[in-house]
Amino acid sequence: MQLSREELLKAYRQMCLIRAFEDTVHEEFSAGNIPGFVHLYAGEEASGVGVCLHLTDKDCIASTHRGHGHCIAKGCDVGGMMKEIFGRADGLCGGKGGSMHIADLSKGMMGANGIVGGGPPLICGAALTAKTLKTGGVAIAFVGDGGSNQGTTAESLNLAKVWNLPAVFVFEDNGYAESTASSWSVAGDLVERGKAYGMPARRVDGFDFFEVWDAAREAIERARNGDGPSVLHVKLSRYYGHFEGDAMTYRAPGEIDAVKAQKDCIALFKRRVTEAGLLEPDQLAAIEDETAREVADALVDAKAAPPPGEAKLLTDVYVAY
Ligand SMILES: Cc1ncc(C[n+]2csc(CCOP(=O)(O)OP(=O)(O)O)c2C)c(N)n1
Ligand SMILES: [Mg+2]
C-alpha cells in the first residue's frame with residue numbers, strides 16, 4: 001500500500017516539527033530557561049511519526065520520559081507543549097507536569113511518563129476499554145530498550161495476549177538506557193520475546209520512515225481487526241544525551257556524527273521522496289521554514305506567558321472522579 005501525497009507531506013511536516021521543537025528545547029535548556037528535567041527525541045522522529053500516522057484521536061498512546069516526539073506525532077498542540085515545558089498556566093497540563101508528564105487525553109495522548117515501563121500497563125487498560133466498548137480504537141505503548149526489561153512490560157505483554165487486546169508494543173531501541181548499552185543489558189532478542197508471548201513481532205529500521213510506517217500499518221490493522229497484539233522492535237539512535245546536560249562519555253567519538261551523516265531519518269525521507277519524484281524540493285523547503293516558524297512562535301509565546309497563580313497551587317493533585 002502506498003502513502004498519498006497528503007500523507008507524505010504530513011509525515012515530513014511532523015518529523016520537521018519534532019526536530020525543530022527538540023533543537024529549540026535543547027538551546028533553551030542549555031541557556032537555563034527551562035525548569036526540571038528534559039529528555040529529547042531528536043533522531044528518533046521516524047518512529048513516532050511512522051506509527052502515529054495510522055492513528056486518530058480515538059486511539060491511545062502511552063509514551064515514555066522521552067515524550068515530546070510522541071506528543072507531536074499524536075497531534076498535541078505545539079504551543080501548549082512549549083508552555084507546559086516552561087511551566088506556564090496555559091500549558092497542556094496547566095504548567096504543572098513539565099516535559100516528563102505532558103498529556104492530552106482529548107488527543108489520545110495518555111502521557112509522557114517518568115516511570116520507565118509505566119506505559120505498557122496503561123495501554124492494556126486503554127485497549128481493554130476499546131475492546132469492551134467496541135470503539136474500534138487501538139492502544140500503542142512506546143517503550144525504550146531499558147523499559148523492555150521492566151517487569152511491568154513483561155506482565156503487559158502477557159495480559160495483552162491472553163486478553164487478545166488491540167495493542168501494539170513499540171520498542172524504541174536507541175542503543176542505551178541512560179549510559180548502559182542495550183547490547184549488554186537486553187537479554188536475547190526483543191522480536192523473539194514478542195514471539196514467546198505468542199504474538200507477531202518484527203524488527204524495524206527506525207531510520208527508515210517507510211519501513212516503520214509499513215510495519216506499524218500491519219500491526220495496527222491486525223489490532224483493529226480483532227487479531228490481537230504485536231511487537232515492533234525499532235532500531236534507532238538519539239542525537240542528544242540521555243537527559244539534557246549528559247556529557248555522554250559512554251558514546252564513541254564520532255558515533256552520533258556518523259549516524260547523522262549516514263542515516264538521519266529526515267534526510268533519508270527527503271532523498272527518497274525527491275528522487276522518486278513524489279514531492280518537490282521546494283515543497284519540502286517550505287515545510288522546513290513553516291515548522292521552524294511555528295516553533296519559534298511557540299517559544300516567544302511560552303516565554304511571555306504567566307506561570308500558574310497561587311490559587312492553582314493545590315488543584316490537580318488528584319483526579320476528580
Ligand atoms: C522505574 C524506573 N526505574 C529507573 C528510572 C530511571 N531512568 C530514567 S530513564 C532510564 C533509562 C531508560 O532507558 P530506555 O528505556 O532505553 O529509554 P531511552 O532513555 O533510551 O529513551 C532510567 C533507568 C525510572 N525513571 N523509572
Ligand atoms: Mg534506550
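Values quoted throughout were computed directly from the atomic coordinates according to the rules given, and no laboratory measurement underlies them. Being a predicted model, the structure only gives us computed values, none of them experimental. Quick reminder, even Gly has a Cβ in these numbers, built from the backbone with ideal geometry, and neighbours come from all protein chains shown.
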Original post:
What FRET efficiency comes out for the pair ARG293/THR56, r = Cβ-Cβ distance, R0 = 22 Å, nearest 0.05?
Top reply: 0.25
**OP:** Quote the relative contact order of the chain in percent (integer), defining contacts as alpha-carbon pairs under 8 Å separated by 6+ residues.
**Re:** 22
Original post:
Rounded to two decimals, what is Rg over Rh for the range 231-270 when you use alpha-carbon atoms and the Kirkwood radius?
Top reply: 1.02
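Please compare each pair in LYS74/LYS235; LYS83/LYS134; LYS10/LYS96; LYS74/LYS260; LYS10/LYS235 to a cut-off of 28 Å on the Cα-Cα distance and tell me which ones are over it. Don't skip to the answer; put the middle values down first.
On the way: LYS74/LYS235 21 Å; LYS83/LYS134 35 Å; LYS10/LYS96 30 Å; LYS74/LYS260 25 Å; LYS10/LYS235 23 Å.
Cα-Cα > 28 Å for LYS83/LYS134; LYS10/LYS96; rest within.
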Subject >> Fewest-first ranking of PHE207, PHE169, using other Cβ atoms within 10 Å as the exposure measure >> reply: PHE207, PHE169
Original post:
What's the exposure ranking of PHE21, PHE142, going from fewest to most Cβ atoms within 10 Å?
Top reply: PHE21, PHE142
Original post:
Length gain on complete extension for the stretch SER30 to LYS303, per 0.36 nm per residue less the alpha carbon to alpha carbon distance?
Top reply: 96.8 nm
**OP:** Would you mind computing, in nm to one decimal, how far apart the modelled labels at ASP316 and ASP214 are, each placed 7 Å from Cα along Cα→Cβ?
**Re:** 4.3
**OP:** Using +1 at the Cβ of each Lys and Arg and -1 at the Cβ of each Asp and Glu in the range 36-265, identify which of SER106, ALA252, LEU92 lies farthest towards the dipole's positive end.
**Re:** SER106
**OP:** Have a look at VAL317, GLN262, TYR176 and report the one farthest towards the positive end of the charge dipole of the chain, computed about the Cα centre with Cβ charges (Lys/Arg +1, Asp/Glu -1).
**Re:** VAL317
Original post:
Which residue, ALA130, ALA196, ALA11, tops the fluctuation ranking in a GNM of the chain built on C-alpha contacts under 10 Å?
Top reply: ALA196
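Okay, helix-only estimate at 222 nm for the chain: each DSSP H run of n ≥ 4 adds -39500 (n - 2.57), divide by all residues, round to 500 deg cm²/dmol; what do you get?
So the calculated ellipticity at 222 nm is -14000 deg cm²/dmol.
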**OP:** Between beta-carbons, use under 12 Å as the cut-off and find the net charge around PRO281, counting Lys and Arg +1, Asp and Glu -1.
**Re:** -2
Subject >> Pairwise FRET efficiency - GLN283 versus ASP77, Cβ, R0 = 30 Å, nearest 0.05 >> reply: 0.80
Original post:
How about the chain: what cysteines have no other cysteine beta carbon under 4.7 Å from their own?
Top reply: CYS16, CYS52, CYS60, CYS93, CYS124, CYS265
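Order by neighbour count: VAL259, VAL300, VAL143, fewest other Cβ atoms within 10 Å first, most last. Walk me through the numbers before you get to the answer.
Details: VAL259 18, VAL300 12, VAL143 30.
Exposure proxy ranking, most exposed first: VAL300, VAL259, VAL143.
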**OP:** Figure the gain on full extension for PHE37 and VAL162 (residue separation times 0.36 nm, minus the Cα-Cα span) and round it to one decimal in nm.
**Re:** 41.3 nm
Original post:
For the range 36-265, what is the percent of antiparallel DSSP beta bridges, rounded to the nearest 5?
Top reply: 10
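Relative to the compact-globule scaling 2.2 N^0.38 Å, provide the ratio for the alpha-carbon radius of gyration of the range 36-265.
0.95
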